[in-house]
Amino acid sequence: MDSLSCPFPIQQYPQVLLAHGGGGKLMQQLIEKMFTQAFGPKPASGLHDSTVLKLPANKIAFTTDSFVVHPLFFPGGDIGSLAVNGTVNDLAMSGAKPLYLSLGFIIEEGLSMEVLWRIVGSIKKAADRAGVTIVTGDTKVVDRGKGDGIYINTSGIGIIEHGLSIVPTKIRAGDVILINGDIGRHGIAIMATRENLEFETTIESDCAALNDIVSCLIKAGIEIHCMRDLTRGGLASALNEIAQDASKGIQIDEASVPVKEQVASACAIMGFDPLYVANEGRFIAFVPEGQAAKALKILQNHPLGQGACRIGVVSDDPKPLVTLKSFIGANRILDMISGEQLPRIC
Amino acid sequence: MCLAIPGKIESIVGSKEDVLNIKGRVNFGGILKEVSLAYVPEAKVGDYVIVHVGFALSLVDQEEALKVFDYLKQMGELEELHN
Amino acid sequence: MKYLDEYRDPQLAQQLSRQIHKITTKPWVIMEVCGGQTHAIVKFGIDTLLPDKIELVHGPGCPVCVTPLEMIDRALVIAARKDVIFCSFGDMLRVPGSTTDLLAVRAQGGDVRIVYSPMDAVKIAKDNPKKEIVFFAVGFETTAPANAMAVYQAKELGLNNFSLLVSHVLVPPAMEAILSSKSNRVQGFLAAGHVCAVMGYTQYPPIAAKYKVPIIVTGFEPLDILQGIAMCVEQLEEGRFEVENQYTRSVKEYGNQHAQDLISKVFQVIPRKWRGIGEIPQSGLSLTDQYKDYDAEIKFNLEGIKTQESLECISGLILQGIKKPNECSAFGVKCTPEHPLGATMVSSEGACSAYYRYKRTS
């Protein structure tokens, strides 16, 4: 999808105007010519206030997420692909099969129509890849200066076709913690494109939809106790949240957490800890010890799990803390971070 | 107060006549960044430098760098003897 | 990364740990001066590899922690101005002033930008001729060469919209202040490796001799710190008090002469107030008369700023190693990383923040 084949008259309206969110003719034109064309087909009954769906199961997973990333485009992805994959992944973490997404845009007046078209294209591509359909949406435009280009909200529905209950309270002492690949790529890719912290790197965001790799685990009969996708706050935050929710201690071996050399170096330069850096295509799974080897193999056989490995275990310590065995073999507590990591000089 | 990282100089731009503006492209484990070499004008391509907030502050003495390991190796051998 | 990863070898770390256990027969209090070393000790759990007899005390080697409250308040006033782009290193943004911090000022519309290098601030000044660019020049001697160059280049370029808010501090006077305090418990020092890479270590022998403390110039990786501690304990056990260099791959006795030359051209030594400690003579830097046009304190009207320290915060006593964070009544209760009362809780190298993160089990 490029501007040559964009059905919306970009030359006539090179920038998004307030009127495009106003509910009138211009908005109709934007929805019909750009959005519906991209995400179509238009339902036979026409576009209404809500879309009625028939679901093939009565246990559904429902989630919502908003995306405010800046810059809008970064190596390995953009706000569009993030908006799809982020919500698909939230659904996948309950073992749900994602089906439908809603798409809400809050666009800043003045955003280039070409940029919007690019983002729409990216959303379409990501949705197709993940096997989901965009079925409803909303568009608002805010005054220039009151937005960051564009904010996107996606909500998603998925169906639960398995009999597992994948929640932190299902975690047991002795459970093995697996991860599907190396950490920190997304955060570093974003950092590398921001002004004043420029450096040359080939690192790309790991932004990806995890529903397929998760379904491989479920289909193989792995008794997954819990899963979490790693986003803001990184691996450390996800582990701490789960430890709290499960009221169990977790032990991680720092040397077994995979980090690509360039990510480690970028973190060293900035004074970041990779354990806290954002990801968008990584998840951890808590599985019974007896099934760990089998689960690991399944992950490693999938394109999104080639770097998969075992990083830790659930201890029988009732204190909900995450303990890290450091590179030199000494133990320390791996805490939640407060606020965002800021580049250090010390 | 000293977050300074070692990196390898891949190329140098500038001349000794204008020392304060000598810059190097330094490779930190795969990440490339432009660094001022104003304070290490004697640095050559292939040298390792310690970099803090965009400035190389010293050359890594590669011989000295190995001494820690020689020392530890000796200690290790002594330990084995005692055991 | 070469010259980094090798110094994290677990077997060699364990070997150094065993050696330290072997040679330690008496209790010793050792202070590491540099915040970067504190960070490494906490991150790698180095202190758990030491015998109980060795007490590691974290010194005031975190310029974020020791920047005086008045200076933070001045920074906040300048950053809030509509005509100013305020540039700073990342770690200063969360440090609380009397009433607010730089992050809050940014949230309220102040143009506060994180930069990696002071030269980035010079570039911003070049690109924004209608704005005043102020760089928060915080740091020890390690950062002085970069800050000196920024001012020097700004003057060469004829920029009149660039200035530094200088809060530079020097390490040796701080070490002396700690050692000369009546309540001093420190018996040996790990000196800051990168500070010495710039300044050399010729200032330390008189200090070692006067106060009879061994001073080891130490690096930042686990093997460096463990070896530095081993060398320090060896001297303590033998009753020696000399200056030794563990970090020989990066530090030479006379340091970096080019850097020292530009620093003395641009900066002069003055007394400075250290947050929580008070004024230490000859312990800070300010711009020389030749560069006074680049001094933000002169450029901006900073009269009448009311400064109020938190009454409960004892970070000064902690910075000197006299008290421990868990001896503070506010620790973990009123004062946490989410709402810090003092700089030692905000900075990731501050002793309070380090304690909070890893001591919660005990």
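Enumerate cysteines in chain C without a disulfide-compatible partner, where compatibility requires another Cys Cβ under 4.7 angstrom.
Singleton cysteines: C:CYS34, C:CYS87, C:CYS196, C:CYS232, C:CYS313, C:CYS328, C:CYS335, C:CYS352.
Computed from the mean reciprocal separation of all distinct C-alpha pairs, what Kirkwood hydrodynamic radius does chain B have, in Å?
14.2 Å
Choose one of A:VAL115, A:SER155, A:VAL132: the residue whose Cα lies farthest towards the positive end of the charge dipole of region A:97-158 (beta-carbon charges +1 Lys, Arg; -1 Asp, Glu; about the Cα centre).
A:VAL132
Under 24 Å Cα to Cα from C:LYS292, which lysines show up? Leave out anything in the same chain fewer than 8 places away.
Correct list for C:LYS292: C:LYS82, C:LYS123, C:LYS126, C:LYS130, C:LYS131, C:LYS155, C:LYS265, C:LYS273.
Could you tell me what percent of the DSSP beta bridges with both partners in the protein assembly as shown are antiparallel, to the nearest 5?
So the antiparallel bridges in the protein assembly as shown amount to around 60 percent.
So how tilted is helix C:69-79 from the main axis of chain C? Cα-based, degrees 0 to 90, rounded to 10.
Helix C:69-79 sits at roughly 40 degrees to that axis.
Within region C:11-43, report the trypsin sites (Lys or Arg not before Pro) that DSSP leaves as loop and that have at most 14 other Cβ atoms within 10 Å.
Here no trypsin sites (Lys or Arg not before Pro) fit, given the DSSP loop and packing criteria.
DSSP loop chymotrypsin sites (Phe, Trp or Tyr not before Pro) in region C:264-362 with at most 10 other Cβ atoms within 10 Å of their Cβ, which ones?
Loop-located and lightly packed - none at all.
Restricting things to alpha carbons, find the Rg to Rh ratio for region C:99-154 using the Kirkwood radius for Rh. Working shown, then result.
On the way: Rg = 12.5 Å, Rh = 12.5 Å.
Ratio of gyration radius to Kirkwood radius for region C:99-154: 1.01.
At a Förster radius of 35 Å, what calculated FRET efficiency corresponds to the Cβ-Cβ distance of C:ALA107 and C:ASN160, to the nearest 0.05?
0.70
Given an 8 Å cut-off on Cα distances and at least 6 residues of separation, report the relative contact order of chain C as a percent. Please report the intermediate quantities before stating the final value.
Working: 700 pairs, mean separation 77.6, N = 362.
Dividing the mean separation by the residue count of chain C yields 21 percent.
Nearest 10 degrees, 0 to 90: what angle lies between the long axis of helix C:257-266 and the longest principal axis of chain C (Cα atoms)?
Relative to chain C, helix C:257-266 is tipped by roughly 40 degrees.
Any chance you could give the angle, 0 to 90 degrees and rounded to 10, that helix B:62-82 forms with the longest Cα principal axis of chain B?
Long axis of B:62-82 versus the principal axis of chain B: about 10 degrees.
Please identify the DSSP H helices in chain A that span no less than 15 Å along the helix axis (Cα) and have a mean Kyte-Doolittle hydropathy of -1.0 or more. Before the final figure, lay out each step's value.
Values: long enough: A:79-92 (19 Å, 0.81); A:113-130 (25 Å, 0.14); A:234-246 (18 Å, 0.32).
Passing helices, by number: A:79-92, A:113-130, A:234-246.
Can you tell me what the convex hull of the Cα atoms of the protein assembly as shown projects to on average, as an area in nm²?
It is 36.6 nm².
Can you list the lysines whose alpha carbon is less than 17 Å from that of C:LYS323, not counting same-chain residues fewer than 8 positions off?
The qualifying lysines are C:LYS182, C:LYS359.
Scan region A:49-140 for trypsin sites (Lys or Arg not before Pro) in coil per DSSP, keeping those whose Cβ has at most 16 other Cβ atoms within 10 Å, and list them by number.
Answer by residue number: A:LYS54, A:LYS59.
Take every residue in peptide A:261-270, count the Cβ atoms of other chains within 10 Å of its Cβ, and give the average of those counts. Write out the running numbers ahead of the final one.
Values: counts 6, 5, 3, 7, 11, 5, 1, 10, 11, 4.
Average per residue, whole number: 6.
Distance between the C-alpha centers of region C:147-222 and region A:3-32? Whole Å please.
Using only Cα atoms to place each centre, the spacing works out to 61 Å.
Here, each number is a calculation from the coordinates, and none is a lab measurement. This one's a predicted model, so the numbers in the text were calculated from it and none came from an experiment. For neighbour counting, all protein chains shown are included, and Cβ atoms are generated from backbone atoms with ideal geometry for every residue, glycine included.
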